[in-house]
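The values are calculated or read from the model by the stated rules, or taken from the named source; none is laboratory data. These figures come from a predicted structure and were not determined experimentally. Counting neighbours? That spans all protein chains shown, and the Cβs are built from the backbone with ideal geometry, glycine included.
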Amino acid sequence: MPSATVSMPPSPDSKSPGRLQGTLDMMILQVVALDPQDGCFIAVRLQQISNDVLQVQQGSLYPALRRLERKGWLTAE
């Protein structure tokens, strides 16, 4: 997947469903905001910053990246 850049999203609605998806989305945005990279780097970086607690699999990561791109919060380069 190409590198991505981030646009800041509006504040999420804390009452909306999908809190886990929202958490992953925000973590991805945090990583990409600091250093736009490809999906593999994002997964490795999330694992590093969580001290190996969080291991995001491709089946979760890439749908999240596509979801963020559809919302206009990420753009592929």
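All conditions but one from (1) surrounded by fewer than 16 Cβ atoms within 10 Å (Cβ to Cβ); (2) at pLDDT below 80; (3) not charged (D, E, K, R) apply to ALA4; the one that does not is (1). Annotation note: Cβ proximity below 7 Å between a residue of the range 51-77 that is loosely packed, with under 11 Cβ neighbours inside 10 Å and a residue that is assigned to a loop (DSSP other than H, G, I, E, B) (sequence gap 6+ or interchain) occurs for GLY72/SER7; GLU77/PRO2; GLU77/SER3. If the condition is being under 10 Å from the mean Cα position of the chain (by Cα) and of a type in the set (Lys, Arg), then the range 48-77 contributes ARG66, ARG67.
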